[in-house]
Each structure stands twice: as C-alpha cells, then as structure tokens.
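Novice: Quick one: structure below, then a few questions.
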Amino acid sequence: MRGPLDVWLVTETFAPEINGVARTLERWARGLVTRGHRLTVVRPRRRDLPDLNALPWRVHAVPGLPIPMYPALRFGLPRGRALGRLWDAHRPDVV
C-alpha cells in the first residue's frame, strides 16, 4: 500500500472566506490531512488572514489583485514558472 500523498491545491478561494467553493475545499482539505496526506494550498495573498502557520496544511501565497465589486476577494496572478520550479524541486503526487 502506498504511503501519504503530497497534494497541492491551487485555488482562488479558500477558508476563511465564506462561500460554497471555499467551504467545500476546506472540508476536502481537512479530510486529506485527517487521512495522513500532506497538503499545500496555493492561494492569492491576503494581508487580513489569520496566522497561516497555525493551519494543519502549508499555504503558499501568490500575488493577487482584488476582484471588482468584491474587494475582500482576490484573484491570483499567473505563477506558472514559479510553481514549476517548486514542483521540479519537490514533485507533488497530485495537483
């Protein structure tokens, strides 16, 4: 049997934001961690978030811009090369 997976979730929205996608992904993330998998969440950087080091998964924050009409939400800017370098150095099992 295979051991824990190294999973990277790349998303525009995630907890503590309150919307259906963010809450569903958080439940999915907690399920993975509970089952022993290693999770890294790639999400747009926000200054108003609580301490991300206290979470049961790693967070890789990328540059983002506010979404028009929803200033509390941000969309991530393309980071293909930067993420590619990270994944070349430590290849995840699932993205």
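The values are calculated or read from the model by the stated rules, or taken from the named source; none is laboratory data. For clarity, every value in this text was computed on a predicted model and none was experimentally measured. Ideal geometry is used to build each Cβ from the backbone, glycine not excepted, and the neighbour counts take in all protein chains shown. Areas reflect the complete protein model, heavy atoms only, side chains present, ligands, DNA and RNA absent. Shrake-Rupley method; radii C 1.70, N 1.55, O 1.52, S 1.80 Å.
Novice: Give the number of residues within segment 55-76 that are within 14 Å of the chain's Cα centre (by Cα), open to solvent by 40 Å² or more (accessible area, probe 1.4 Å), more than 18 Å from V21 (Cα to Cα) and hydrophobic (A, V, I, L, M, F, W, C).
Specialist: 1
Novice: Among all residue pairs at least 6 apart or on different chains, which show Cβ distances below 7 Å where the first residue, located in segment 1-26, is without any contact (Cβ under 8 Å) to a residue 60 or more places away in the chain and the second is aromatic (F, W, Y)?
Specialist: A22/F14; L25/F14; E26/F14
Novice: Follow-up. Quick one: count up the residues across segment 13-52 that are on the phi > 0 side of the Ramachandran plot and in contact with a helix residue (DSSP H, G or I) (Cβ under 9 Å, 6 or more places away or on another chain).
Specialist: 0
Novice: Which condition from (1) touching a Pro at 6+ places or on another chain (Cβ under 9 Å); (2) surrounded by 13 or more Cβ atoms within 10 Å (Cβ to Cβ); (3) over 15 Å from L9 (Cα atoms) is the one that G36 breaks?
Specialist: Of the numbered conditions (1) touching a Pro at 6+ places or on another chain (Cβ under 9 Å); (2) surrounded by 13 or more Cβ atoms within 10 Å (Cβ to Cβ); (3) over 15 Å from L9 (Cα atoms), the odd one out for G36 is (2).
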